1. How about region 1-71: which strands (runs of 3 or more DSSP E) wholly inside it have at least 3 residues that are of a type in the set (D, E, K, R)?
2. Exactly one of (1) surrounded by fewer than 14 Cβ atoms within 10 Å (Cβ to Cβ); (2) at pLDDT 90 or above is unmet by Leu30. Its number?
3. Given the conditions (1) surrounded by 12 or more Cβ atoms within 10 Å (Cβ to Cβ); (2) at pLDDT 90 or above, and given that Leu41 satisfies all but one, which numbered condition is not satisfied?
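The values are calculated or read from the model by the stated rules, or taken from the named source; none is laboratory data. This one's a predicted model, so the numbers in the text were calculated from it and none came from an experiment. Virtual Cβ from ideal backbone geometry, glycine too; neighbours counted across all protein chains shown.
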Amino acid sequence: MTRPELEWEILGIRQLAATDECADEFAGTLLVHRPGSADPLEPLPVRVKRTVLVELETYLARLLARSRGRAG
């Protein structure tokens, strides 16, 4: 179980880009906010490996398919 003071809400990601189409790493800005906090969002510079993005793509596709239900 996470401690509330350590929780972050992801609000978005901006400028996730690479210098070329064969890049193995992408850079951008993650926009986060502490739930329940009056503080504004915090922009965090991030670097993401291609392998992580591929893993996320697969995981998120399955998660979204399950959460939308299945048309039958």
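1. Numbers: elements: 9-17, 25-33, 42-49.
The qualifying strands (runs of 3 or more DSSP E) are 42-49.
2. Here Leu30 clears every test but (1).
3. Of everything listed in (1) surrounded by 12 or more Cβ atoms within 10 Å (Cβ to Cβ); (2) at pLDDT 90 or above, Leu41 misses just condition (2).
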